[in-house]
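Presented below is the structure to which this report refers.
Every number here is computed from the coordinates shown, using simple stated rules; none is lab data. Model, not experiment: these values are computed from the prediction. As a convention, Cβ positions derive from the backbone with ideal geometry for all residues, glycine included, and neighbour counts pool all protein chains shown.
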Amino acid sequence: MSLDGVHYICDIWETRQTGPRQADGRPGGARLLARRGERQDRLADLTLTGLDAAGLRNGPACTVFEHTVHGPAPVTTTAGICATDEPLLTRAALGEGQADWTVFAYLAPEWFRLRAARPYRRLRHAAWVALPVPASGSASSRGLMRELKALESYQGAVTGGSVPVTRVQFLHADEPTVEHDYAAALSSVERYGEGPWTPAG
């Protein structure tokens, strides 16, 4: 989120592709990373450089990266809320998300400028996985949901978007628990998905 050239990194998500992209163009899953770390700091630096180069001084924006043998490479920088964002899940994990920061910038600009210098901190750890598209209510779909609901950090399922896609959300105070459940969910989705899905990432 940016206000008069002052930028704030609202959240950093690492995506995971489990086969063809979803019907709405989004990836198969994502997990929320800590703000600080060698990789995250590099991503943040590249993002801020891209925002300045694109002249995006105000409003929300999103930068998508791909990982190459030479390190992260920006693919696109666009204005608007990031496609990986799940507003309620992000708010539950961080206390606020990109949509909240957009409101802060316009309604409390001085507060925004003061807070922008402080990196976000995860209060809880979060991830989400998109479900495959077999007909709802099928035996395989019910079996998949039973597996996902049994995972310790299961938070719930949300369906939305112009092309409806269901995303199962995971949230927990313990990071290894979310990482385990996220990996297990991706594996379950691959098994239940239509066709031979191959994880990448």
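At R0 = 30 Å, how high is the FRET efficiency between Arg36 and Trp111 if r is their beta carbon distance? Nearest 0.05 is fine.
Efficiency computed from Cβ-Cβ geometry: 0.85.
Sequence-distant or interchain residues sharing an amide H contact under 5 Å with Arg35, placed H: which?
Arg122
Enumerate the calculated ³J(HN,Hα) couplings along the stretch 163-176 in order (Karplus 6.51 cos²θ - 1.76 cosθ + 1.60, θ = phi - 60°), each rounded to whole Hz, writing x wherever the residue is Gly or Pro.
3J(HN,Hα) across the stretch 163-176, in whole Hz: 10, x, 9, 8, 10, 8, 10, 10, 8, 6, 6, 9, 4, x.
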